[in-house]
1. So what's the chain giving for Rg/Rh, alpha carbon basis, Kirkwood Rh from the mean inverse pair distance?
2. Taking the mean number of other Cβ atoms within 10 Å as a proxy for protection, how do you rank 138-149, 70-81 from highest to lowest?
3. Please list the radius of gyration and Dmax for region 227-309, considering alpha-carbon atoms only, with Å as the unit.
4. Using only the alpha carbons of region 164-309, what is the convex hull's orientation-averaged projected area in square nanometres?
5. Out of the total accessible area of region 100-204 (probe 1.4 Å, heavy atoms of protein only), what percent is carbon and sulfur?
6. Taking only the Cα atoms of region 80-160, how large is their convex hull per residue, in Å³?
7. Please state the relative contact order of the chain as a whole percent: Cα pairs under 8 Å, 6+ residues apart?
8. With 14 Å as the cut-off, how large is the P(r) tail for region 36-76, expressed as percent of Cα-Cα pairs?
Amino acid sequence: MKVAVIGATIVDVVSYVNKAPEYGNTTTAKDFHIACGGKGANQAVAAKRLGADILMVSAIGDDVFGQTALENFQKIGIDTRQVIKVKNVANGVVMIIVENSGQYRSIYYSGASKFLTPENFLNAADDLKNCGLFVIQLEIALETVYAAIDFANKNNIPVLLNPSPLYENISLETEKLFPCEFFILNETELNILTKLPVDSTENIKIAAQKLLRQGGKNIIVTLGKSGSIWLAEGVEEFVPTLKVESVDSTGAGDAFVGCFVKNYAAGKNILDSIQLASKYAALSVTRKGTQDSYLTAEEFETFLSKGEI
C-alpha cells in the first residue's frame, strides 16, 4: 500500500543545554545540531526507514534548507514528485532547545509550508488516488487539511490525522476532522480538542470517548513514558511502552506515527501496529535529534529479536 504523507517539511536547528535560560538571560550550548524535520517529513522518514512506500506531499523553500530537505527525502527513497518548491520563500525552520532531562522547548516558523494550499494539494490528485492511506498533521494550512480529508473521503481513502501542533487559540472546524479512521494525539492535544481534563487515566478515557461520540473511529492517545491508550467502539486497550533513559524526546510522537503507519499499511492489525509503534517511539528518545534518531528496519528487527539495538 502506498501512503501519502501530507504535511510540512521543516529544518530543525537544535541547541543542547543544561537548562533553558530564563527570559532576558543567555546560556552556553554544549552541543548544536541542524537536521531535517517537520512533523510530516518526520513521519514520512520514520515510515520509509521501516520499509513503507511513501508519497510526500509538501512545499519547500528555494533556499539551502529547502534543497537539503529535498535531497534528504530522495536519499532514502521517498517519492518527491509532489514536493513543490516555492520561489523566493525560505524553508520552514524550528528552533529547539533541549535540556539535560530530554525535555525541550521550540519555536516554529512555517516558511514555505504555508504555501501547500488546497489548489496545490489537488494538483496531485492523480497520484493521490493511487494511495491507500493519507497521513495528515496541522503544520500546514487548515484549509488544506480539510481539503485533504474531504478528498480522501470522496475517494474512499482512510485518513490518519495527527492533530499536532495544536494550540489553545487555533480555530478548528472540528466537524470537518471527524471523517478520519484514526486520531493519534497526546494528552495535551486531547485536552485542547475536547476541553476536558486529562490528569488521570480515567479522565483521558472520558475525553477520548467524547471524540468517539463526535464521530472519531479509532482514538489513540500517546502518553509518553506511560505508554498509550486505544479506544474504539467496543475497544479499550492500554499499551505499555519500554522503560528507557531519555536523551532527546523531540520527534518521538512522529516516530510513533511513522511506525504505526508502516505496520498498518503492511497489513498488521491496529493493536499490533500500536505495540510496535510504542517500542519504536521509546527507542527514538535514546538518541539525539529527530529523524536522526529513527531506527532502520534492520536495527528495529534486531532489537525485536534480540532485545538490543
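The values are calculated or read from the model by the stated rules, or taken from the named source; none is laboratory data. None of these values were measured; they are calculated from a predicted model. Methodologically, a virtual Cβ is constructed for each residue, glycine included, from the backbone with ideal geometry; neighbour enumeration extends over all protein chains shown. Heavy atoms of the whole protein, side chains included, go into the accessibility calculation; ligands, DNA and RNA do not. Shrake-Rupley method; radii C 1.70, N 1.55, O 1.52, S 1.80 Å.
1. So for the chain, dividing Rg by the Kirkwood Rh gives 0.94.
2. 138-149, 70-81
3. Expressed in Å, the Cα Rg and Dmax of region 227-309 come to 12.6, 39.
4. Computing the convex hull of the Cα atoms and averaging its projections yields 9.1 nm².
5. 47 percent
6. 123 Å³
7. Relative contact order comes out at 18 percent.
8. Value for region 36-76 (Cα pairs over 14 Å): 43 percent.
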